[in-house]
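The values are calculated or read from the model by the stated rules, or taken from the named source; none is laboratory data. A quick note: this is a predicted structure, and the numbers were derived from the prediction, not measured. No Cβ is skipped: glycine too gets one built from the backbone with ideal geometry, and neighbour counts run over all protein chains shown.
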Amino acid sequence: MERETGNIIFDQRGCDFLLYLPAGRRIKLLHLTDMQIIDSSCQRFPDRLDAAETDCWKPENQDVLCFDHIRSLVAQTGPDLILVTGDMVYGEFDDTGKTFCAFCDFMNGLQVPWAPVFGNHDNESLRGVAWQCARLEEGSACLFRRGTVHGNGNYTVGIVQGERLIRVLYMMDSNACGRTTDPEVYRHIGFGEDQVDWLRDRIRTIQANGPVPGFLACHIPMTEFALAAKEKGYQTEDPRKSYVIGVDVPARDGDFGCKREVHSMFASPADFRDILSAGRIDGVFAGHCHAINTSILWQGIRWTFGLKTGQYDYHIPGQMGGTLITLNPQALPTAPADNSESAPFTVRHVPALTLYGPFPKGT
């Protein structure tokens with residue numbers, strides 16, 4: 001059974017959604033992460049914010065602090081699909097749900113298909129995760145399915161060019177929202193066992209009709225992100241070390257980005273890389289660490305932290321925007337994800353070209 005909505009198809013044979021795009025051209029995906037919109041007029045706890053934060057993060061500043069950034073990124077990149085890897089809002093400051101609705105309305109208004117997963121702060125809102133999921137599922141341009149396993153939002157998006165399924169996006173909830181009493185929110189960090197089983201099953205079903213490469217997107221990174229940095233020689237034994245790839249340490253394999261904080265991550269399942277290999281997943285995209293935006297090729301997979309989007313909460317001043325992923329359907333199946341023009345895809349960060357509003361925090 002298929003349900004057509006414009007060029008978006010709901011398909012029960014393995015992909016929850018199919019996005020049909022014209023043949024003969026490269027495909028652009030825009031990765032946004034950690035907008036973390038704060039409404040300082042909706043503080044759950046007195047004195048949670050200082051005076052500067054309270055003044056800066058008034059609701060009337062949402063455009064200059066976030067939405068203008070996204071408008072700039074969309075205008076610069078002309079994406080076919082937008083990926084949002086969580087912390088759309090800072091739920092503790094959105095108990096009315098007003099900010100979440102404003103974000104969803106803004107994204108739907110761009111008239112570009114967008115696929116979100118939750119971060120560890122979204123579900124803090126007292127409106128509850130079921131209400132949030134319903135808002136996403138009813139969005140005119142939103143590709144989102146709540147699912148039935150641990151987490152809220154485990155689903156797949158297939159990209160079809162011409163008549164060929166060229167890539168699958170495995171969207172997964174990395175959970176870990178600790179500031180909630182909502183029984184439908186899985187507070188443990190990382191993927192539940194049934195989520196991992198779900199991923200295996202989806203991969204098996206999708207790959208049954210022939211090999212299809214894929215991406216995995218979630219909010220919190222797994223241990224492989226730190227292992228990649230260490231194994232490639234960028235990170236020393238001191239987890240506090242900061243660096244810029246290509247400046248402080250030599251770049252390899254098209255790697256790039258900077259690290260300005262300690263990795264925050266979860267332990268992936270013991271056979272996680274085997275699962276990714278079975279799904280021909282050659283790119284994993286995450287957020288969560290606002291001051292890390294490295295993209296590193298390791299063991300055949302490019303591990304990328306998205307560039308933080310917008311000015312809310314801590315960030316690296318001057319390094320705010322999004323991440324452009326460009327698919328090359330003409331690449332050889334065996335080509336490495338080394339960020340070259342012959343690779344199956346390239347990744348680059350795109351700074352937002354907008355006037356910055358006032359912000360009280362940096363790192």
Could you tell me which of the residues ILE275, ILE220 is at pLDDT 95 or above and not in a loop (DSSP other than H, G, I, E, B)?
ILE275
Among the candidates ASN328, ASN293, single out the residue that is touching a Ser or Thr at 6+ places or on another chain (Cβ under 9 Å) and buried (at least 20 other Cβ atoms within 10 Å of the Cβ).
ASN293
Out of the residues in the stretch 151-164 that are out of contact with any Leu (no Cβ under 6 Å at 6 or more places or on another chain) and surrounded by 20 or more Cβ atoms within 10 Å (Cβ to Cβ), state the one that is nearest to PRO211 (Cα to Cα).
THR156
Of the conditions (1) outside any helix (DSSP H, G or I); (2) surrounded by 21 or more Cβ atoms within 10 Å (Cβ to Cβ), ILE206 fails just one. Which one is it?
(1)
Selection within the stretch 276-296 - in contact with a strand residue (DSSP E or B) (Cβ under 8 Å, 6 or more places away or on another chain) and among the hydrophobic types (A, V, I, L, M, F, W, C)
LEU276, ILE281, VAL284, PHE285, ALA286, CYS289, ALA291, ILE292, ILE296
For the stretch 86-191, which fully contained strands (runs of 3 or more DSSP E) count at least 1 residues that are closer than 26 Å to ILE38 by Cβ and out of contact with any helix residue (DSSP H, G or I) (no Cβ under 6 Å at 6 or more places or on another chain)?
114-117, 164-171
Condition check: touching a helix residue (DSSP H, G or I) at 6+ places or on another chain (Cβ under 7 Å), in contact (Cβ under 8 Å) with a residue 24 or more places away in the chain and either surrounded by fewer than 22 Cβ atoms within 10 Å (Cβ to Cβ) or assigned to a loop (DSSP other than H, G, I, E, B) (or both). Does VAL212 satisfy that?
yes
Name, by its number, the condition in (1) touching a Lys or Arg at 6+ places or on another chain (Cβ under 6 Å); (2) crowded, with 16+ Cβ neighbours inside 10 Å; (3) of a type outside the set (D, E, K, R) that does not hold for PHE191.
(1)
Flagged in the stretch 337-352 as modelled with pLDDT of 95 or more and either in contact with a Cys (Cβ under 6 Å, 6 or more places away or on another chain) or not small (Gly, Ala, Ser) (or both), in numbering order, are ASP338, ASN339, PRO344, PHE345, THR346, VAL347, ARG348, HIS349, VAL350, PRO351
Test GLY283 against the stated conditions and say whether it is in contact (Cβ under 8 Å) with a residue 24 or more places away in the chain, under 25 Å from GLN76 (Cα atoms) and assigned to a loop (DSSP other than H, G, I, E, B).
no
Taking the condition of being touching a residue at least 40 places away in the same chain (Cβ under 8 Å) and either closer than 25 Å to ILE203 by Cα or acidic (Asp, Glu) (or both), how many residues in the stretch 34-52 meet it?
3
Looking at ASP282, ASP253, which one is among the acidic types (Asp, Glu) and surrounded by 20 or more Cβ atoms within 10 Å (Cβ to Cβ)?
ASP282
Given (1) farther than 12 Å from MET265 by Cβ; (2) buried (at least 22 other Cβ atoms within 10 Å of the Cβ); (3) touching an Asp or Glu at 6+ places or on another chain (Cβ under 9 Å), identify the lone condition not met by TYR170.
(3)
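Sort out which residues of the stretch 114-128 are within 20 Å of THR156 (Cα to Cα), surrounded by 24 or more Cβ atoms within 10 Å (Cβ to Cβ) and in contact with a Gly (Cβ under 9 Å, 6 or more places away or on another chain), and write them in order of number. Even if it seems obvious, please write down each step before you answer.
Step one: filter the stretch 114-128 for residues within 20 Å of THR156 (Cα to Cα), giving 114-119.
Restricting the remaining residues to those that are surrounded by 24 or more Cβ atoms within 10 Å (Cβ to Cβ) gives 115-119.
Residues satisfying the conditions are PRO116, VAL117, PHE118, GLY119.
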Only listed residue being over 30 Å from ILE27 (Cβ atoms), in contact (Cβ under 8 Å) with a residue 40 or more places away in the chain and among the basic types (Lys, Arg), chosen from ARG202, ARG179, ARG167:
ARG179
Total residues in the stretch 72-95, condition in contact with an Asp or Glu (Cβ under 9 Å, 6 or more places away or on another chain) and not acidic (Asp, Glu)
7
